[in-house]
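The structure under discussion appears below in the form of structure tokens.
The values are calculated or read from the model by the stated rules, or taken from the named source; none is laboratory data. This is a predicted model, so every value here is computed, not measured. Cβ: placed from backbone, ideal geometry, glycine included. Neighbour counts: every protein chain shown. Note: areas computed on protein heavy atoms with side chains; ligands, DNA, RNA excluded. Shrake-Rupley method; radii C 1.70, N 1.55, O 1.52, S 1.80 Å.
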Amino acid sequence: MSTSVSRRHFARLFAVGGSAALFSDPTWAQQAAPARALAPGGAAAGETFWKSVRDQFVMPPDLSVMNAANLCPASRPVLETLQRETQSVDRDPSPNNRARLYPEKENTRKALAEFLRVTPDEIIITRNTSESNNLVSSGLDLKAGDEVIVHADNHPSNLTAWREKGKRFGFSVVTIEQKNPHPGQEYYVEAFARAITPRTRVLCFTHLSSTVGDLMPAKELCRVARERGVLSLVDGAPSFGLLDVSLADMQPDFYSGSAHKWPCGARESGVLFVNNTVQARLWPSIYSAYPGAVGFSRTFEGFGQRDEATMIAFRAALAFQEKVGRAAIEQRARDLSTQLMAGLSKMPGITIWTSPAPELRAAIVSFLPGTLDANKLATALYEKDRIGIATRGGQDRAGLRVSPHFYNSPAEVDRLLAALTGYLKTGV
Ligand SMILES: Cc1ncc(COP(=O)(O)O)c(C=O)c1O
């Protein structure tokens, strides 16, 4: 753009004023990735509907990323909101313009409460699951003699965090080892119940493990904890936005999640649910300005200057999920992983780490691809076949992890299965 064109360009934009003028400019409109209509009929309309869902994402059609457990793409409605709100602040960062963002943030809190079926008083908007988990492990008053029980399959933010803070504050951490294949929900209920002693203060597990996709008996474990006077922290990073989670039903004391995973929100927004009944026991870890306006957020969420655009876009992500249908999203992701499991189980040499029982898994599938090098295979799949999946290194249930979501399709799963079959024959 020459200087004169550039001047004219901006003069034209700002002469008219307002975001409507901004978005009527084709350059901006293209960047804003405007939302498109969903095909009528919902999930019952089959692939036509799901194709219209996929069109709400800016991933090129030939690229198949099945890595939802790690990072999901934001949908067009989210990108649109993010850009609109970001530009609003950058065009006018005055306190007057920013004042309207605070009620908007509270609307996100309300939407999160509805989504998780709890009250806005119990919702803290964080940056991500890691922060949410750490706000719990840093905020509880634990000391020498106290015990915390963790599941070995927890993420570092809910495992290393407890172990390191145990060293610092003197409490001990008891680990419940994972079993593979998933030994059944009853096994874990008994294992956790047996580990509880009069010194146990907290019990922590991941709703759906991000390692191999083991579904844990969340409601039962929270009940066992409650009955024994123990607090429960459920890491919901892999279940929030995938399963139709109701915290009213699960009744944890704490539940954490990230917008940028299965909810397909903007990056760096997360949630921490803190049950009304335990709020008095959780100290804030950060004291700063700009707290929330209702309930626990008034004293706990003064995290300083935030990116309101990201938090407002979080609401757009939840609204998009509701529009598609949460039950339909869960079913779609489950169906795709069932299709994948069925295909993998026919391939000689593959060891599947994920449970074959549908009630013990959801949409995360991990497997060892025979004698093939998992890293080389994942690279070949990406570079030659345009398929993006994750690798799992180390000795523990190593290999590949595939986590399809509602923007993926049966054709993409077939494409992955065909590519794997080829590499198993020819090598990578
Ligand atoms: C089970 C689990 N907990 C926590 C996290 C951390 O999420 P974030 O990086 O969004 O904080 C992850 C990320 O993969 C995860 O799988």
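Structure above, values below:
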quantity: Residue selected from the range 112-126 under the condition assigned to a helix (DSSP H, G or I) and surrounded by fewer than 20 Cβ atoms within 10 Å (Cβ to Cβ), by the criterion farthest from the ligand (Cβ to nearest atom); calculated: Asp121
quantity: Residue, surrounded by the most Cβ atoms within 10 Å (Cβ to Cβ), within the range 141-190, restricted to residues that are farther than 13 Å from Cys204 by Cα and among the aliphatic types (A, V, I, L, M); calculated: Leu142
quantity: Residue check for Gly393: among the small types (Gly, Ala, Ser), at pLDDT below 95 and closer than 22 Å to Asp214 by Cα; calculated: yes
quantity: Pairs where the first residue, in the range 183-197, is more than 13 Å from Ala225 (Cα to Cα) and the second is surrounded by fewer than 16 Cβ atoms within 10 Å (Cβ to Cβ) and among the basic types (Lys, Arg), C-beta under 8 Å, 6+ apart; calculated: Tyr187/Lys179
quantity: Scan of the range 351-371 for residues that are open to solvent by 30 Å² or more (accessible area, probe 1.4 Å) and touching a helix residue (DSSP H, G or I) at 6+ places or on another chain (Cβ under 7 Å), ordered by number; calculated: Ile352, Pro356, Pro358
quantity: Residue in the range 44-56 that is under 21 Å from Leu416 (Cβ atoms), within 16 Å of the ligand (Cβ to nearest atom) and surrounded by 16 or more Cβ atoms within 10 Å (Cβ to Cβ) present; calculated: no
quantity: Meets criteria (of a type outside the set (Val, Ile, Thr) and within 16 Å of the ligand (Cβ to nearest atom)) for Ser297; calculated: no
quantity: The range 127-140, subset under 14 Å from the mean Cα position of the chain (by Cα) and crowded, with 24+ Cβ neighbours inside 10 Å, residue nearest to the ligand (Cβ to nearest atom); calculated: Thr129
quantity: Pairs where the first residue, in the range 207-222, is among the β-branched types (Val, Ile, Thr) and the second is within 12 Å of the ligand (Cβ to nearest atom), C-beta under 6 Å, 6+ apart; calculated: Thr211/Asp153
quantity: Failed item, numbered, when Tyr102 is tested on (1) out of contact with any Gly (no Cβ under 8 Å at 6 or more places or on another chain); (2) open to solvent by 10 Å² or more (accessible area, probe 1.4 Å); (3) more than 16 Å from the ligand (Cβ to nearest atom); (4) at pLDDT 95 or above; calculated: (4)
quantity: Failed condition for Gln339, given (1) surrounded by 15 or more Cβ atoms within 10 Å (Cβ to Cβ); (2) out of contact with any Pro (no Cβ under 7 Å at 6 or more places or on another chain); calculated: (2)
